[in-house]
1. Of the conditions (1) over 24 Å from G95 (Cβ atoms); (2) in a loop (DSSP other than H, G, I, E, B), P62 satisfies every one except a single condition; which number is it?
2. Keeping to the range 366-393, report how many residues are surrounded by fewer than 21 Cβ atoms within 10 Å (Cβ to Cβ), away from the ligand (no atom under 15 Å from the Cβ) and not small (G, A, S).
3. Residue under question is R228, and the condition is that it be within 30 Å of G337 (Cα to Cα), of a type in the set (D, E, K, R), touching a Leu at 6+ places or on another chain (Cβ under 6 Å) and assigned to a loop (DSSP other than H, G, I, E, B); does it hold?
4. Filter the range 196-211 down to the residues that are more than 16 Å from the ligand (Cβ to nearest atom) and touching a residue at least 60 places away in the same chain (Cβ under 8 Å) and list them by number.
5. Which one of S44, S13, S20, S69 is more than 33 Å from the chain's Cα centre (by Cα), of a type outside the set (V, I, T) and farther than 21 Å from L131 by Cβ?
6. Residue by residue through the range 277-333, note down the ones that are farther than 25 Å from S236 by Cβ and within 16 Å of the ligand (Cβ to nearest atom).
7. Against the definition (surrounded by fewer than 20 Cβ atoms within 10 Å (Cβ to Cβ) and closer than 22 Å to A404 by Cβ), how does K351 come out, yes or no?
Amino acid sequence: MLPIRCGYVSRYSDEEILQSSFTSSHLELLKNETRGLFQFSWNSYKEYGLPYDEVKPLSCTPNKRRKDSLDLQNDVLGNYHLTLFDNLDSLLVLGLWDQFNETLQYLEDINFVDFDIDSDVSLFETDIRVLGGLLSAHLYLTDERHVMFEPKKGRRLLELAVDLADRLLPAFDTPTGVPLPRVNLKGNPVNSNLPHDTCTACATTPLLEFSLLSRLTNNPIYEKVSKRSFYQIWNSRSSINLLPMTIDPLESKWLDNVSGIGASIDSFYEYALKGAILFDDEDLFNVWNIAYNSVQGNMKTFNDYLTVNVDVTSGKNRAYWIDSLSAFWPGLQVLAGHIKPAVKSHLVYLKIWNCFQSIPERWSINGDFTIESSMSLEWYPLRPEFIESTYHLYRSTRDPIYLAIGQDLLMKLRSMFLCPCGLCGFQDIRSGIRQDRMESFVLSETLKYLYLLFDENNYIHNVLEKQNNMIFSTEGHPFWLATHNRSLNDPAQYFTTSPLLTEHKFLDRIPLLGTLWNRLYPEKTTSDRPTLPSLSLPHSSCELVARNTDTFLSSHLLQNPTICHIDKIFEKSLITPPYVNSTTAIEFQDNFYHNYGGANKDSLTSTPILETEVITYRIDPFFGGQNTLMDFGLDFVIPTIRDLRLSFEIIKPFETSSLGLLDNAAIDAFSPLFDNRHLDYVTKLVSINGVDIPTNSNVYCVKVSPSLIKSDQIRISTKGYFTFDNNPVINLIVYTDLDQDFGVSSVV
Ligand code: DMJ
């Protein structure tokens, strides 16, 4: 008996979906089922939502923007066919050509020629959802390799995009260049009762869509205004390279002093990296690297599993919760090539999903450990971030655990979240009350990423990923630039660093710290700098990534002895709601574990947490804050080892390591550095405060306290190499070339 629920007719039984075989025919089935749910929801929107922005999936009525409402939940609406525009490219990604053509025909039939609508809309939401949808569909239609190549229709969509962007431009007309949060599409004044503060993500995100529009139209204005805003914001970062989250664009001031990676700031990081990739932009790549290092260095806590909000100047923790939006972070780490940290940060969201069968808008890890306090914001509107990261992790690791997560989400969509007119999440996860809302991102992101997870042969995977620098926008729209488009449109043509960047003196920039050398010896030149000794390693090596080459034989994650650490660390806050019947974790569900399980399940679930994984020392920092890491070419200098979180890799003979496989002799070759004692193994410093140390780099420590040295835990060899708990560390060395003032020579 095939399920018919809420009017949705599935072609597949639960057993067929849940088989966990992930053969090509099973993946085909999962893909088709996802497409079926998309079509069902899309048709509901067409029938009950149009010409408004959304369909309410429980009551089958349209969701309209209420003109005088001050409710910011209303902010994404604009009475401008939001779900339609946000999903133009979804129809193309899912291969729904007929529906795509019908949609364009519909716009023609109702004579939709521009966005001349008396509606106050959010700059951010309109940019990512409507402009993004138009641009992505335009790229498909003007890509001669694609089956839907129809340049005339593509040009029409670009014209609409230009019309819309021109109506958004007045938002940037502020004394600072940082945009106001809302604009009236008809050019009327915006409801003055609405607040005019804006968020960091809101002011930096237009950069990507607007710059793409400039490249496609040869009109620099969009890139200029959005880039000016992006750098105004970035240039007002704190001395530890963090940005607060709310800004007043009229008064030129920050309205808070807290930073994080989730709501209000997420797509700032995302677009620094994605802009760098799409436009081959080195400046943006630098922004990304600096910002990423600061996040990793300052915001990690609980054995680096959580990334929490911190004070922008001190880096001290300001919150013990994470929000649902931050689940995009592992996907971004994948894009940056940081696979191992991505696997680790994603695991937290998997455990949350296992527990709540959804991701709470805000999940707290302190309080009185009741379901109320563990869920400080209790709704789940089927946000895409968790499945988005899952998709990216699957593409980079091929670990079947990520397919199993998709399979689980698909099952829940066709049962728990299915409604008479679409899909809806929870209004209150604690009680299971559902929400009469289907935001446009449910289709444009949640279902799109789920579909792509199962669709190995998608145009995105077969062509765009291989031949173009394709990225997904923050709203899941595929963007790419043809090579000829990139070189024809030299960025310099669009943007010069002066005077636009400098003419608007926004906030006083806290001056960047000079390099350590300049700070210590202002009177000397760089050429006076002593050359640091280099450590020669026995083998040349390359970085290893956590990619599982035994595709479909085993799950790499299930071999990881730390897979249950999160369950233990956060057990008090992972409280299953009473209405949830089965709580078997996805990674241990019978079908899946039977096919891909590695080590013994019992031993995995009972592995103790090794507290020694991260060692923290506390001394007052020598200068520049506790997390300063100075780059000296390939090597690094740190002021002290106190207040830093150091992670080590143990390198044993004949075991895989970042140095490759070493034999006993290769290990023992390090013994001259450690007073010639015989070495069974060595250790290597791999990260400081979550910042990865490149494989062949040494880290030099300037200040070593004599009292620290006397402790049994830390010793220093006559050659200046550290040992921790008797473990020889081959790349952490006392920096002996500086003056005695720094307390080094007295202890070596
Ligand atoms: C989407 O509109 C975008 O992904 C945005 O960047 C964040 N919020 C929603 C989805 O949760």
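1. (2)
2. Residues that pass the stated criteria total 6.
3. No; evaluated as a whole, the condition is false for this residue.
4. Listed by number, the list holds a single entry, S211.
5. Working: S44 fails: more than 33 Å from the chain's Cα centre (by Cα); S20 fails: more than 33 Å from the chain's Cα centre (by Cα); S69 fails: more than 33 Å from the chain's Cα centre (by Cα).
Residue meeting the stated conditions: S13.
6. I322, S324, A327, P330, G331
7. Values: surrounded by fewer than 20 Cβ atoms within 10 Å (Cβ to Cβ): no; closer than 22 Å to A404 by Cβ: yes.
Criteria not met by K351.
Per-residue answers, yes or no, for (1) surrounded by fewer than 15 Cβ atoms within 10 Å (Cβ to Cβ); (2) at positive phi; (3) part of a loop (DSSP other than H, G, I, E, B):
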site: S90; (1), (2), (3): no, no, no
site: F100; (1), (2), (3): no, no, no
site: F115; (1), (2), (3): no, no, yes
site: V130; (1), (2), (3): no, no, no
site: G154; (1), (2), (3): no, no, no
site: L157; (1), (2), (3): no, no, no
site: P170; (1), (2), (3): no, no, no
site: G187; (1), (2), (3): yes, yes, yes
site: S192; (1), (2), (3): yes, no, yes
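The values are calculated or read from the model by the stated rules, or taken from the named source; none is laboratory data. Because the structure is a prediction, the values reported are computed rather than measured. Every residue, glycine as well, gets a Cβ built from its backbone with ideal geometry; the counts of neighbours run over all protein chains shown. All accessible areas refer to the heavy atoms of the entire protein, side chains included, with ligands and DNA or RNA removed. Shrake-Rupley method; radii C 1.70, N 1.55, O 1.52, S 1.80 Å.
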